[in-house]
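A.B. asks: Handing you this structure, nothing more for now.
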Amino acid sequence: MSFLKRLKDNVAVNRIEDEAFYELVLYEAENGPRRNGLWAKAIIEAGSHEKAEAVYLKLLAQAMKDEAYLSKIVAELSTHNTSSNQISKKVLNTPILEEKEVDISAGLTSEELIREILDKTFYRKNIHAKTLKEQAAIQIERFELEMELEELPISELRIRYRELN
């Protein structure tokens, strides 16, 4: 096989892989929780809310590529019995940054909290479900959790919501 043919084959395979990847990006943008940091950056880069959606998709795609790359590195390092702090220093070259806690749950109603908890719990599971049986099992699990959450007081819903963030 000639070098030129291998190069063309690789380019074709990369385009098909990109299409599948961007399908995943679109699914997360439509069904997953919005990443507020990326959304703010998209608005700033786009200059308006109307144009921000396309920029958000571009930023989300890059973030997901970065996450996949870092996950691969973490998996490789973890097979060598490396601690999480050592992994973060090797991957990021900096210590783990502590997140500032912002409680946005205080402004949400019970229904909104339940929806957010369900979305954050199940959107990645839905992406990876490959068979109808897996999808049905996820829907049953989601329904059971929803029934459980509807019985909880709003203070407990806020605690559950913060645990997911």
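A.B. asks: Sort through 45, 50 and tell me the only one that's touching a helix residue (DSSP H, G or I) at 6+ places or on another chain (Cβ under 8 Å) and in a helix (DSSP H, G or I).
C.D. replies: Of 45, 50, the one residue that is touching a helix residue (DSSP H, G or I) at 6+ places or on another chain (Cβ under 8 Å) and in a helix (DSSP H, G or I) is 45.
A.B. asks: If a residue has to be under 27 Å from residue 24 (Cβ atoms) and loosely packed, with under 12 Cβ neighbours inside 10 Å to count, how many in the stretch 125-159 make the cut?
C.D. replies: Residues that pass the stated criteria total 9.
A.B. asks: For the stretch 65-82, state whether one or more residues are surrounded by 13 or more Cβ atoms within 10 Å (Cβ to Cβ) and at pLDDT 80 or above.
C.D. replies: no
A.B. asks: Of all the residues that make up the stretch 1-48, how many are surrounded by fewer than 13 Cβ atoms within 10 Å (Cβ to Cβ) and touching a Phe, Trp or Tyr at 6+ places or on another chain (Cβ under 6 Å)?
C.D. replies: Of the residues in the stretch 1-48, 0 are surrounded by fewer than 13 Cβ atoms within 10 Å (Cβ to Cβ) and touching a Phe, Trp or Tyr at 6+ places or on another chain (Cβ under 6 Å).
The values are calculated or read from the model by the stated rules, or taken from the named source; none is laboratory data. From a predicted model like this one, the values you see are computed outputs, not experimental measurements. Using ideal geometry, Cβ is built from the backbone for each residue, glycine included, and neighbour counts are taken over all protein chains shown.
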